[in-house]
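The block underneath contains the structure these notes are about, expressed in structure tokens.
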Amino acid sequence: MMLKGSFSFFLCILIVPSLCWARLPDYDACPNPNMGTAPLYKVTGPIFATTLNSRPKPCVRNKKCPWGQPSYLKGGELVLAHSHRDFEKINQAYDFYCVYYVKGKKVYSGFLPNEALDQVSDPEINLADWQGQWASQYNATLGIHFNGANFDLLGNSYDVVAPDHPEYINFVGYGDLIDTTQKNRPKIEAIPHDLTQDCRMTISMRGPYLFVEGNGKCNGSRAKLTGTFHKIGPAPQSLGPK
């Protein structure tokens, strides 16, 4: 498959070069690994990070770039990234990173050049960092509030694809900190108040991102309470059972 894609690409270069970049093989796309294990990187400055590319190839300044879009990143912001060195790429002269980040309520992923990023250590996580209303790319929200003893949790996920028959997942429970010896990578073990509910979750934090893993019973066919979350505001006033 990869050889066939490479042959097609080089044949394209010989015949119609201007159309080749729109026909790059699939393996040139940014993979989607478990971002909960991806290192944190800091954007070094806007000069290299103004364009997010859909393939590991730089855009030419002041020219139309069909594989580029504005990144909206600023110097000092944190993104999750992994090196693209281990993946096949057309132009070996450049080195890119696959990145993941959130701006507003939109999730971005794509390639940034390595000049735009510096790897940083995970910051220490405090109790206040957990608290708030978090949202995922799967139309899910998770409210977290520390009540002095443990965490109150309220999770909701909706399926907006089928509004006539919407799928809905609700989770009301509590969480206790685990792995407290790692202050920069603590976790919350989430348990529902209704013990007949089978969903169990492990929640971890990396910088500004929250990662929610389930036991296989926290997701429906389209509604998901697991995934990567980002903070969108303060937690609701009450998260306990009604």
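The values are calculated or read from the model by the stated rules, or taken from the named source; none is laboratory data. Note that the structure is a prediction, hence the values are computed from the model and not measured. Positions of Cβ are generated from backbone atoms using ideal geometry, with glycine treated the same way; all protein chains shown enter the neighbour counts.
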* To do: Could you tell me whether any residue of region 50-57 is touching a Cys at 6+ places or on another chain (Cβ under 8 Å), among the β-branched types (Val, Ile, Thr) and more than 21 Å from Glu124 (Cα to Cα)?
  => yes
* Evaluate the following for Gly227: is it free of Cβ contacts under 8 Å to residues at least 60 places away in the same chain and surrounded by 14 or more Cβ atoms within 10 Å (Cβ to Cβ)? => no
* **Selection status of Tyr138, in a loop (DSSP other than H, G, I, E, B) and either aromatic (Phe, Trp, Tyr) or at pLDDT 90 or above (or both)** => yes
* To do: Could you tell me whether any residue of region 146-160 is under 21 Å from the mean Cα position of the chain (by Cα) and surrounded by fewer than 13 Cβ atoms within 10 Å (Cβ to Cβ)?
  => yes
* Asked: Quick one: in region 90-103, which of the residues that are at pLDDT 70 or above and touching a strand residue (DSSP E or B) at 6+ places or on another chain (Cβ under 9 Å) is farthest from Ser54 (Cα to Cα)?
  -> Val102
* Among the residues of region 104-135 satisfying the criterion of being assigned to a strand (DSSP E or B) and charged (D, E, K, R), which is modelled with the lowest pLDDT? -> Lys106
* **First in region 139-168 and at positive phi, second anywhere and modelled with pLDDT under 75, Cβ under 6 Å, 6 or more apart** => Asn139/Val160
* Asked: For region 188-222, how many residues are among the polar types (S, T, N, Q) and assigned to a strand (DSSP E or B)?
  -> 3
* Asked: When you look at Asp164, is it part of a loop (DSSP other than H, G, I, E, B) and either surrounded by 18 or more Cβ atoms within 10 Å (Cβ to Cβ) or at pLDDT below 85 (or both), yes or no?
  -> yes
* What tally of residues in region 167-187 results from selecting those that are closer than 16 Å to Ala128 by Cβ, at pLDDT 85 or above and buried (at least 17 other Cβ atoms within 10 Å of the Cβ)? -> 1
* Asked: Is it the case that Met201 is crowded, with 19+ Cβ neighbours inside 10 Å, among the hydrophobic types (A, V, I, L, M, F, W, C), under 29 Å from Val79 (Cα atoms) and in contact with a helix residue (DSSP H, G or I) (Cβ under 8 Å, 6 or more places away or on another chain)?
  -> no
